[in-house]
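Asks: Can you keep this structure in mind? I'll have questions shortly.
Please treat every number below as a calculation from the coordinates, not as lab data. Given the structure is predicted, the values throughout are model-derived calculations rather than measurements. Heads up, the Cβs are rebuilt from the backbone with ideal geometry, glycines too, and the neighbour counts pull from every protein chain shown.
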Amino acid sequence: MKSKFWPRGFSASGLSAGLSKKKNKKDMALFVSHVPAHAAAVFTNNQVKAAPILLTQDRQVKTRGKVRAVVCNSGSANAATGKPGLQDAIACSKWVSDGLSFPKDEVWVASTGVIGTRINLSKYEKGVKQLIAQVKKGPVEAGAMAAEAIMTTDTKIKIAETSIMIDGTQVRVWGCAKGAGMIHPDLRGPRGQLHATMLVFILTDANIKSSLAQRALEWVADKTFNCVSVDGDTSTNDFVCVIANGESGAKEIKTLNEKSYATFRTALLGICDTLSTKIAEDGEGASKLVQIIVEGARSEHSARTMASVIASSPLVKTACHGADPNWGRVLAAMGRSGVKFEQSKVKIWLGDMLVCHYGMEKVFSEADAIQYLKKKSVVIRVNLGLGKQWSQYKTCDFTGQYVGINAGYRT
């Protein structure tokens, strides 16, 4: 798959190193900037953090966002592995830094797979050497292979790309993601401030320093990845990074007030919105995308909190799967969200069909509602009638296939 807007000065590739239980599955990816680059990242807020998360957080702070490469494996999360797991992550990064002659702290690490298992280091080292041999020959545009290598239970690769103009110069942004289960991200910056395993790697040839890229990413991640849920479970390994190397030749983005910063952040928002939608669509066993919108709230925070509870409700999600217009499940989820509201002001829509008016049933065509809920993409909209703030969540339906996938995920 040829990228339309591959950023200059980057390489990415993936291969099978034998780390996955699935025979011949690609399970190692490498993302490289051939010139010094600046990066931003957000990480899982789960108290149980995988070794790669701990290492990469520390290196981001230590170098103030300087990075040259990110290496990622699927097949083992390297989480709950203690000090030995952390030493494994350090060894994995060292093979990359030594092989490419990069400063050791400018190599980041990510992993996804089964919690509690350590990485097979001999296979990992062989895989790293093969990947390095590829990228040493020059820029390698194999983003699709990298996107495939980070997959676990995903059924399709997830890629988004775009191009923007900054002061007359073309800037390219490319990103890939993985995520289908254990998806309910709570992403924060490396020091813990707010702004599935889910892994996202975004490359851009924009000229922007780490501090500004970090501000942009924290804002964007909070509007996109922090508003997607497959099953309500926050992973130990969630990680999103943006790497910018300036190779576009565009003018440097220096302040938050510049038009170019707004242009960059809007492009980043588009990439992350597309990738987060693809994650929800590809939820384990999912047959449809479900969008929850909560309007008329007193604050965006309260709207988001309520949308999150509705999106995570097994009863709402199974109703969507069965095309059952059971709006009472939505109202019940609202009631346990912790958000204060007046039931007598509530309205609920399935698509454009009003099914609940002033907190009670509004006569509607059940046959039409069933036909609507059979679609591949449905919207459930709530209005609290209390204010002007709103938020949304992307999720999917629950199916028997989800249970089957996760009942035997480890074995």
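Asks: Which loop-located trypsin sites (Lys or Arg not before Pro) does segment 313-372 contain, where loop means any DSSP state but H, G, I, E or B and the Cβ has at most 12 other Cβ atoms within 10 Å? Could the numbers behind the result be given before it?
Replies: Values: sites: K317, R329, R336, K340, K345, K347, K362; in loops: R336, K340, K362.
Answer by residue number: R336, K340.
Asks: Rounded to the nearest 20 debye, what is the charge dipole size of segment 5-152 about its Cα centre when +1 sits on each Lys and Arg Cβ and -1 on each Asp and Glu Cβ?
Replies: Dipole size: approximately 180 debye.
Asks: Based on alpha-carbon centroids, what's the gap between segment 253-278 and segment 1-25 in Å, whole number please?
Replies: Computed from Cα coordinates, the inter-centre distance equals 25 Å.
Asks: So, one more: Based only on other Cβ atoms within 10 Å, what is the fewest-to-most ordering of H301, H321, H38?
Replies: Details: H301 12, H321 21, H38 24.
Going from least to most buried by this count: H301, H321, H38.
Asks: Separate question: Along segment 84-95, what does the Karplus equation 6.51 cos²θ - 1.76 cosθ + 1.60 (θ = phi - 60°) give for ³J(HN,Hα), rounded to whole Hz, x for Gly and Pro?
Replies: Each residue of segment 84-95 in turn: x, x, 5, 5, 4, 4, 5, 5, 4, 5, 5, 4 Hz.
Asks: Which of the lysines could a cross-linker bridge to K178, judged by Cα under 16 Å and excluding same-chain residues fewer than eight apart?
Replies: Counting by Cα, and skipping residues close in sequence, K178 has these lysines nearby: K25, K26, K156, K158, K278, K394.
Asks: Semi-axes of the equivalent ellipsoid of segment 289-407: what are they in whole Å, largest first, if each equals the square root of 5 times a C-alpha gyration tensor eigenvalue? Don't skip to the answer; put the middle values down first.
Replies: Details: eigenvalues 102, 60, 26 Å².
Output for segment 289-407: semi-axes of 23, 17, 11 Å.
Asks: Taking the Cβ-Cβ separation of Q170 and A133 as r and a Förster radius of 22 Å, what is the calculated FRET efficiency to the nearest 0.05? Mind dumping the intermediate values first?
Replies: Details: r = 31 Å, r/R0 = 1.40.
Efficiency for this residue pair is about 0.10.
Asks: While we're looking at this one, here's another question. Which of T274, T155 comes first, and how do the rest follow, when ranked by fewest Cβ neighbours within 10 Å? Walk me through the intermediate numbers first.
Replies: Details: T274 18, T155 12.
Fewest-to-most ranking of T274, T155: T155, T274.
Asks: Using only the Cα atoms of segment 101-163, what semi-axes does the equivalent ellipsoid have when each is the square root of 5 times a gyration tensor eigenvalue? Give whole Å, largest first. Please list the in-between numbers first.
Replies: Working: eigenvalues 86, 84, 30 Å².
Ellipsoid semi-axes (Å, largest first): 21, 20, 12.
Asks: Roughly speaking, what is the stretch gain from D58 to S101, that is 0.36 nm per residue apart minus the C-alpha to C-alpha distance, in nm to one decimal?
Replies: Stretched fully, the D58-S101 segment lengthens by 13.4 nm.
Asks: Here's something else I'd like to know. Treating only the Cβ atoms of Lys and Arg (+1) and Asp and Glu (-1) as charged, compute the dipole magnitude of segment 10-281 about its Cα centre; round to the nearest 20 debye. Intermediate results must be reported in sequence, preceding the final value.
Replies: On the way: 34 positive and 24 negative charges, 132 e Å.
The dipole magnitude comes to about 640 debye.
Asks: Along the Cα-to-Cβ line of H301, 7 Å from the Cα, sits a label point; which residues in segment 208-252 have backbone N less than 16 Å from it?
Replies: 222-223
Asks: Can I ask one more? Restricting to segment 289-407, what percent of DSSP beta bridges are antiparallel, rounded to 5? Intermediate values should be presented prior to the final figure.
Replies: Values: 17 of 24 bridges.
Just about 70 percent of them are antiparallel.
Asks: Amide H neighbours of T117 under 5 Å, counting only residues 5+ apart in sequence or on other chains, H built in-plane at 1.01 Å?
Replies: Amide H neighbours of T117: A77, N78, A79.
Asks: Where Rh is the Kirkwood radius over the Cα pairs of the chain, the temperature 10 °C and the viscosity 1.306 mPa s, what D in µm²/s does Stokes-Einstein return?
Replies: Details: Rh = 21.8 Å.
In µm²/s, the coefficient is 73.
Asks: Determine Rg/Rh for segment 32-166; Rg is computed over alpha-carbon atoms and Rh is the Kirkwood hydrodynamic estimate from the same atoms.
Replies: Ratio of gyration radius to Kirkwood radius: 0.95.
Asks: List the residues whose amide H sits under 5 Å from the amide H of A142, counting only those 5 or more places along or on another chain, with H placed 1.01 Å from N in the peptide plane.
Replies: Hits under the 5 Å cutoff: A12.
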